[in-house]
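To start, the structure under review is shown below, and the notes come after it.
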Amino acid sequence: TFDWARALAIETGTRGQRELPLTADSVDALNMAMLARCRLREGLKGLDFPVVYHGETRQLHLDVVGRESVETPLGRYDTVLVERRYPNSRFRRTRVWVAPALDWFMVRFEHVENPAARGSLLLTALARDDAARPGPLESAPRTAPKPATP
């Protein structure tokens, strides 16, 4: 819980309650993801966030490392590839592919912990609230889907 009046992040878990000081730019993981979309839209190539996570504030740094085309069950999207490298780790990294045509929404995610432990996500469906404003998702240009094979 972020208590902005007292400038504290309050975490309640199995080991009790912990309080951390907040700064004006402190975020949690979800808000960091939303803010990253805004900063990528502005064209920033390096992103820094003080993220409150598991009872501590960690400085998170992400770099834009390139552009790639990503094939999903919904079609092929041109994406911007964002990467987080972990200091003091030879293998550990997190990579996120975001599609400008989908308002910088994530279409692929990959985390490598070590050579044997990794996980990934791929966009397979996209739902939209009918009350949402008309915008990028309704007119999202993407590359043409692959032709069907006979």
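The values are calculated or read from the model by the stated rules, or taken from the named source; none is laboratory data. Because the structure is a prediction, the values reported are computed rather than measured. Methodologically, a virtual Cβ is constructed for each residue, glycine included, from the backbone with ideal geometry; neighbour enumeration extends over all protein chains shown. When the accessible area is computed, the model is the full protein with side chains, heavy atoms only, and any ligands, DNA or RNA have been set aside. Shrake-Rupley method; radii C 1.70, N 1.55, O 1.52, S 1.80 Å.
Looking at this structure, is D3 among the charged types (D, E, K, R), loosely packed, with under 15 Cβ neighbours inside 10 Å and either over 17 Å from the mean Cα position of the chain (by Cα) or farther than 26 Å from A127 by Cα (or both)? It would help to see each step written out before you state the result.
Details: among the charged types (D, E, K, R): yes; loosely packed, with under 15 Cβ neighbours inside 10 Å: yes; either over 17 Å from the mean Cα position of the chain (by Cα) or farther than 26 Å from A127 by Cα (or both): yes.
Taking the combined requirement at face value, the residue satisfies it.
Considering only residues that are among the aromatic types (F, W, Y) and either assigned to a strand (DSSP E or B) or open to solvent by 40 Å² or more (accessible area, probe 1.4 Å) (or both), which ones fall in the range 104-119?
Keep residues of the range 104-119 that are among the aromatic types (F, W, Y), which gives 104-105, 109.
Passing the criteria: F105, F109.
Quick test of your reading of the structure: V98 fulfils all but one of (1) under 15 Å from the mean Cα position of the chain (by Cα); (2) without any contact (Cβ under 8 Å) to a residue 40 or more places away in the chain; (3) assigned to a strand (DSSP E or B). Name the failing condition by number.
Among (1) under 15 Å from the mean Cα position of the chain (by Cα); (2) without any contact (Cβ under 8 Å) to a residue 40 or more places away in the chain; (3) assigned to a strand (DSSP E or B), V98 violates only (2).
Just the residues that are in contact with a Ser or Thr (Cβ under 9 Å, 6 or more places away or on another chain), acidic (D, E) and open to solvent by 90 Å² or more (accessible area, probe 1.4 Å), please, taken from the range 6-51.
Initial filter on the range 6-51 (in contact with a Ser or Thr (Cβ under 9 Å, 6 or more places away or on another chain)): 7-12, 18, 20-23, 26, 49-51.
With the extra rule that they be acidic (D, E), the set shrinks to 11.
Of everything in the range 6-51, nothing turns out to be in contact with a Ser or Thr (Cβ under 9 Å, 6 or more places away or on another chain), acidic (D, E) and open to solvent by 90 Å² or more (accessible area, probe 1.4 Å).
I'd like to check which strands (runs of 3 or more DSSP E) are fully inside the range 1-78 and have at least 2 residues that are within 19 Å of T94 (Cβ to Cβ). Give the steps one after another, and end with the answer.
Details: elements: 8-13, 16-21, 46-53, 56-72.
Where strands (runs of 3 or more DSSP E) fall fully within the range 1-78 and carry at least 2 residues being within 19 Å of T94 (Cβ to Cβ), they are 46-53, 56-72.
Every residue in the range 52-65 that is within 22 Å of A99 (Cβ to Cβ) and open to solvent by less than 50 Å² (accessible area, probe 1.4 Å), please.
Passing the criteria: L60, L62, V64.
Restricting to the range 89-102, name every residue that is over 16 Å from E68 (Cα atoms) and surrounded by 13 or more Cβ atoms within 10 Å (Cβ to Cβ). Can you show your working first?
Start the filter on the range 89-102 by keeping residues that are over 16 Å from E68 (Cα atoms), which leaves 89-93.
Residues satisfying the conditions are R92, R93.
Taking the condition polar (S, T, N, Q), open to solvent by less than 80 Å² (accessible area, probe 1.4 Å), out of contact with any Lys or Arg (no Cβ under 7 Å at 6 or more places or on another chain) and at pLDDT below 90, does T149 pass?
Taking the combined requirement at face value, the residue does not satisfy it.
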